[in-house]
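What follows is a single structure, written as structure tokens, with notes after it.
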Amino acid sequence: MPLPPAPCDLDGISVYVPSVAKPWDKRRVKHLYRRMGFGTTDTEVQNALTMDPDILVDSLIDAAIALPPTSAPTWGDWALSDYSNPNTEVTAQILAWYGQFITDMITNGLRDKLTLFWSNHFVTRLDVYNCPSYMYEYYHLLQVQGLGNFKDFVHGIGTSNAMIVFLNSYENVAGAPNENYARELYELFTLGLNNGYTQTDIVETAKALTGYNGFVEPCAPITFNSISHSNDNKTIFGQTGNWGYDDVVNILFSERENEVAQHICTKLYTYFVSPVPDQGIIDELASTFTSNNYEIAPVLRQLFKSDHFFDDDIIGVKIKSPMEMMVGFIVESGFPYDATVINGTQYYGGLLGQEIFNPVDVAGWQGNHEWINSSTLTGRWLIIDYFIQYVYSQDQELFRQFAIDLVGGVSSDPDLVTQTIVDYFMPRGLQTQADYDQAATVFRDVYPSNYYTLGLWDMNAQYAHYQVYLLLSHIAHTPEFQLT
């Protein structure tokens, strides 16, 4: 598995211009789609090759911005009194929304790659708030603000019902301030650990945020209750006054502009580019972030258009998260999926350590090498095996057609078919020729060798679909497949 490169060896932030040494080819197109979303089909790759990279990036970001949020379910604003049988209805609604999130990731590319990212930044846990309407409200906010203004995002997330419950804001009252949300607001959500704030700032901020405990009934909106709000003067980042919620957000972004920009751009960089931060690139992104009044889209346009992003040594250096692995395989294979596949993706994601709506703790999943251990690695192999077994049981001919479409016709060259399929799923290909030879041996094994030497074989052969099946299973078991 390649090590992430030293930042000083990489290209800079200037706009990528294809060249002979650095061509706009299938590998870079697929790199773009895998990092901005969850991959793409070969048809879209061919279309992308006809476009300038910077125009393609703009079109993908514009499409994500224009995409309407997922429609509200009928229960999207239900309180407990709206249920006739909450013991069964709540579970059914939660399972339905799990499936909706998986479906959105499969179909919506960047927009819901960002939803997954922000759900691991502004962490809440469904296990704690356990309320479908709060789950939907939180998800909706992640979708509509994920490419919007980060200051507005911070303002909205703090008063979302899921966050109020998860970080105990409902217990934060004038006589007994609870510091939980104030601490995470600075430590995790905006500034970063020990970066520009003090314990006094946290205590004073907690007082300013008091009052969000207007309960009516379980799962109903939690409103501001002025009776439990502290009207004392508070001093936050050196500013003193009778501050409230809006004041906290305004003071934070006016007094700690650089710290916010550095923290958020570092997280975006390590999520979309490389687990090793490049300070020079992050400085450039942070400057763009502040000069655009904390709008997220300009930062992502600059990042995804950059020479840096398309550097050879940035491709294939991150370990896929379980969702990237499973959703990516569904997208790139183009195989049909149904409720069984969707529910399995959600379930097995949890077994592999990525239970959506329930990050491991308030700091979220740490990603990259944390995704892999002796247990999860074999689990990742088995899950792709389960998926292709399921599809194969439904329609074997899908596998033959997948290979024919990818190669561009009914090939009679088994090595060409093997390498084309391998390279399609691998960001950097296999490491050695011996690895390609091994993959070709797996593919060829169904027929005697003389079928190939005597010209008795092509992709219309009776069991060619099974050969593709075996090769896909082999690919999923390789170390290179785990990379993006």
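With respect to residue 116, determine if the residue is closer than 30 Å to residue 14 by Cα and assigned to a helix (DSSP H, G or I). Outline the logic, then answer.
On the way: closer than 30 Å to residue 14 by Cα: yes; assigned to a helix (DSSP H, G or I): yes.
Here the answer is yes, as residue 116 does meet what is asked.
Sort out which residues of the stretch 209-254 are among the β-branched types (Val, Ile, Thr) and either under 16 Å from residue 163 (Cβ atoms) or touching a residue at least 60 places away in the same chain (Cβ under 8 Å) (or both), and write them in order of number.
Restricting attention to the stretch 209-254, the residues satisfying the condition of being among the β-branched types (Val, Ile, Thr) are 210, 216, 222-223, 227, 235-236, 240, 248-249, 251.
Residues satisfying the conditions are 210, 216, 222, 223, 248, 249.
Inspect all residues belonging to the stretch 77-92 and state whether any of them is touching a residue at least 40 places away in the same chain (Cβ under 8 Å), in contact with a Ser or Thr (Cβ under 7 Å, 6 or more places away or on another chain), open to solvent by 40 Å² or more (accessible area, probe 1.4 Å) and farther than 30 Å from residue 313 by Cβ.
Yes, the stretch 77-92 contains a residue that is touching a residue at least 40 places away in the same chain (Cβ under 8 Å), in contact with a Ser or Thr (Cβ under 7 Å, 6 or more places away or on another chain), open to solvent by 40 Å² or more (accessible area, probe 1.4 Å) and farther than 30 Å from residue 313 by Cβ.
Filter the stretch 278-299 down to the residues that are under 16 Å from residue 253 (Cβ atoms), without any contact (Cβ under 8 Å) to a residue 40 or more places away in the chain and open to solvent by 30 Å² or more (accessible area, probe 1.4 Å) and list them by number.
Correct list: 287, 290, 291, 292.
Identify, please: which residue in the stretch 359-406 is open to solvent by 40 Å² or more (accessible area, probe 1.4 Å), of a type in the set (A, V, I, L, M) and in a helix (DSSP H, G or I) and is, among those, farthest from residue 128 (Cα to Cα)?
Checked the stretch 359-406; the qualifying residue farthest from residue 128 (Cα to Cα) is 398.
Output yes when any residue across the stretch 255-275 is within 30 Å of residue 174 (Cβ to Cβ), hydrophobic (A, V, I, L, M, F, W, C) and crowded, with 18+ Cβ neighbours inside 10 Å, and no when none is.
yes
Without any contact (Cβ under 8 Å) to a residue 40 or more places away in the chain, within 21 Å of residue 108 (Cβ to Cβ) and surrounded by 17 or more Cβ atoms within 10 Å (Cβ to Cβ): does that describe residue 355? Don't jump to the end; show me each part of the working.
Working: without any contact (Cβ under 8 Å) to a residue 40 or more places away in the chain: yes; within 21 Å of residue 108 (Cβ to Cβ): yes; surrounded by 17 or more Cβ atoms within 10 Å (Cβ to Cβ): yes.
It is true that residue 355 is without any contact (Cβ under 8 Å) to a residue 40 or more places away in the chain, within 21 Å of residue 108 (Cβ to Cβ) and surrounded by 17 or more Cβ atoms within 10 Å (Cβ to Cβ).
Between a residue in the stretch 464-484 that is open to solvent by less than 10 Å² (accessible area, probe 1.4 Å) and any residue that is of a type in the set (Gly, Ala, Ser) and assigned to a helix (DSSP H, G or I), which pairs come within a Cβ distance under 7 Å, given they are 6 or more apart or on different chains?
Close Cβ pairs (under 7 Å, with a partner that is of a type in the set (Gly, Ala, Ser) and assigned to a helix (DSSP H, G or I)) amount to 468/403; 471/439.
What number of residues within the stretch 420-436 are outside any loop (DSSP other than H, G, I, E, B) and open to solvent by less than 80 Å² (accessible area, probe 1.4 Å)?
Here the count works out to 9.
Just to verify a result, which residue in the stretch 443-463, among those that are part of a loop (DSSP other than H, G, I, E, B) and not hydrophobic (A, V, I, L, M, F, W, C), is least open to solvent (accessible area, probe 1.4 Å)?
Of the residues in the stretch 443-463, the ones part of a loop (DSSP other than H, G, I, E, B) are 445-448, 454-463.
Next cut, not hydrophobic (A, V, I, L, M, F, W, C) only: 445, 447-448, 455, 458, 460, 462-463.
Working: 445: 118, 447: 32, 448: 71, 455: 61, 458: 51, 460: 97, 462: 122, 463: 105 Å².
Across the stretch 443-463, the extreme among qualifying residues is 447.
Could you tell me whether the stretch 216-235 includes any residue that is charged (D, E, K, R), closer than 23 Å to residue 141 by Cα and surrounded by fewer than 16 Cβ atoms within 10 Å (Cβ to Cβ)? Break it down into steps so the answer makes sense when it comes.
If we filter the stretch 216-235 for residues that are charged (D, E, K, R), which is where we start, we get 217, 232, 234.
Keeping just the survivors that are closer than 23 Å to residue 141 by Cα gives 217.
Keeping just the survivors that are surrounded by fewer than 16 Cβ atoms within 10 Å (Cβ to Cβ) gives 217.
Scanning the stretch 216-235 turns up at least one residue that is charged (D, E, K, R), closer than 23 Å to residue 141 by Cα and surrounded by fewer than 16 Cβ atoms within 10 Å (Cβ to Cβ).
Quick check, is residue 49 buried (at least 20 other Cβ atoms within 10 Å of the Cβ) and farther than 15 Å from residue 105 by Cα? Outline the logic, then answer.
Numbers: buried (at least 20 other Cβ atoms within 10 Å of the Cβ): no; farther than 15 Å from residue 105 by Cα: yes.
When the stated conditions are applied, residue 49 does not pass them.
Among what's in the stretch 155-170 and is under 16 Å from residue 362 (Cβ atoms) and within 22 Å of the chain's Cα centre (by Cα), pick the residue that is most open to solvent (accessible area, probe 1.4 Å).
Applying the filter and picking the extreme gives 166.
The values are calculated or read from the model by the stated rules, or taken from the named source; none is laboratory data. The model shown is predicted, which means the values in this text are computed figures rather than measured ones. Neighbour counts are summed over all protein chains in view; Cβ atoms, including those assigned to glycine, are modelled from backbone coordinates with ideal geometry. Just the protein is used for accessible areas: all its heavy atoms, side chains included, with ligands, DNA and RNA removed. Shrake-Rupley method; radii C 1.70, N 1.55, O 1.52, S 1.80 Å.
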